[in-house]
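In what follows, a single structure is set out as structure tokens and then discussed.
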Amino acid sequence: MIGSDSALDLHSLRSLLFLPASNPRAIMHARSSGADLVILDLEDAVKPDDKAAAREAAVAAVAEGFRMPVAIRINSPGTDWHGHDIGAVMAAKPDLIVVPRAVGREEIAFVRNQTGRPVAAMIETARGLIAVHEAAREASALIAGTNDLAADLRLPPGAGRGPLQMALQTIVLAARAAGIAVFDGVFNGLDDEAGFAAEAAETRRLGFDGKSLIHPRQVAPCHAAFAPSAEELARAERLVAAARGGAERFEGQMIERMHVEAAKRLLGRR
């Protein structure tokens with residue numbers, strides 16, 4: 001188990017596996033999933049009548065331990081369950097707390113100060129997107145809640161990711177400006193392996209650190225999408241070895257310090 005006082009390197013995460021805390025079978029499978037982070041969900045994945053039981057199950061699951069870091073997604077501020085969730089995570093001490101439908105900084109600061117745990121803010125609404133730079137200054141990470149965001153923006157069914165491009169890039173921009181990690185939303189097609197692979201590749205191209213998942217089967221292709229290719233690694237090694245500082249020529253291109261830093265980051269994700 002990752003210790004309750006351990007420092008979680010959020011930038012190193014690629015796969016964030018969400019699962020209902022009310023589902024013991026899902027928790028069992030998550031433990032052997034190989035995901036970089038497991039998120040026990042008390043919010044959308046749990047029916048109102050099951051909230052209390054899910055909260056107890058999440059606390060018990062964290063106490064039992066996982067091979068990977070574990071987070072708890074609490075219910076939103078203003079709901080009947082929020083205060084009870086705060087008390088539960090204070091006792092459980094997961095590695096991370098996920099706040100859904102985050103707007104601005106006050107609610108994030110409240111959760112962090114009450115629990116003493118790092119907080120990931122989910123950007124899932126138009127209001128949250130407008131205030132995303134404020135949220136990024138308080139959070140330890142941002143997560144794009146693409147399903148809820150598409151619904152709040154009133155996108156028609158089947159609209160795809162095109163209409164969300166500005167929103168996704170805004171979330172990445174806010175995270176990079178604040179120096180925190182940032183993760184893409186889920187892919188809903190459980191049996192569409194090609195579709196998931198294509199979206200995960202796009203996720204990496206957009207600059208996200210990783211992606212949210214809804215099934216253990218998505219872990220391996222997610223890791224594959226974020227793994228640098230052999231060609232990328234070889235070029236990065238050559239670039240780092242050749243760099244002498246300042247602007248210089250490398251394999252027909254001009255490089256500077258920023259290119260060396262990017263190459264080192266790439267090598268760190270092997």
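Quick look at the numbers
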{"item": "Answer label, with mean projected area of the Cα convex hull in nm² calculated from the coordinates and candidates (i) 13.5; (ii) 15.2; (iii) 16.6", "result": "(ii)"}
{"item": "Positive minus negative residues near Ala242 (Lys, Arg vs Asp, Glu; Cβ under 14 Å)", "result": "+2"}
{"item": "Cross-link reach list, lysines versus Lys211, counting only Cα pairs under 22 Å and skipping chain neighbours closer than eight places", "result": "Lys264"}
{"item": "Heavy-atom accessible area per residue - the chain, 1.4 Å, Å²", "result": "48"}
{"item": "Net charge dipole size for the stretch 13-85 [Lys, Arg +1 and Asp, Glu -1 on Cβ; Debye, nearest 20]", "result": "320"}
{"item": "Listed residues Ile130, Met166, Ala236: farthest to the positive end of the dipole of the chain (Cβ charges)", "result": "Ala236"}
{"item": "Portion, in percent, of the accessible area of the stretch 145-270 that falls on carbon or sulfur, probe 1.4 Å", "result": "55"}
{"item": "Neighbour cut-off at most 10 other Cβ (10 Å), DSSP loop, GluC sites (Glu not before Pro), the stretch 200-270", "result": "Glu251"}
{"item": "Rounded to the nearest 10 Å², the accessible area of Arg55 at probe 1.4 Å", "result": "40"}
{"item": "Percent accessible area from carbon and sulfur atoms, the stretch 18-123, protein chains only, probe 1.4 Å", "result": "51"}
{"item": "Under 23 Å from Lys51, Cα to Cα: lysines that are on another chain or at least 8 residues apart", "result": "Lys93"}
{"item": "Magnitude of the charge dipole, the stretch 1-132, Cβ model with Lys/Arg +1 and Asp/Glu -1, debye to 20", "result": "180"}
{"item": "Hydrodynamic radius of the stretch 136-222 per Kirkwood, over alpha carbon pairs, in Å", "result": "13.4"}
{"item": "C-alpha long axis of helix 165-178 to longest principal axis of the chain, angle in °", "result": "80"}
{"item": "Debye, to nearest 20: dipole size of the stretch 95-219, +1 on Lys, Arg Cβ, -1 on Asp, Glu Cβ", "result": "280"}
{"item": "Of Val119, Ile86, Val59, farthest towards positive along the dipole that unit charges on Lys, Arg, Asp, Glu beta carbons give the stretch 38-139", "result": "Val119"}
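The values are calculated or read from the model by the stated rules, or taken from the named source; none is laboratory data. What you are looking at is a predicted structure, and each value in this text was computed from that prediction instead of being measured. FYI the Cβ positions are ideal-geometry reconstructions off the backbone, even for glycines, and counts take in every protein chain you see. Side chains are part of the model used for accessible areas, which takes the heavy atoms of the whole protein and leaves out ligands, DNA and RNA. Shrake-Rupley method; radii C 1.70, N 1.55, O 1.52, S 1.80 Å.
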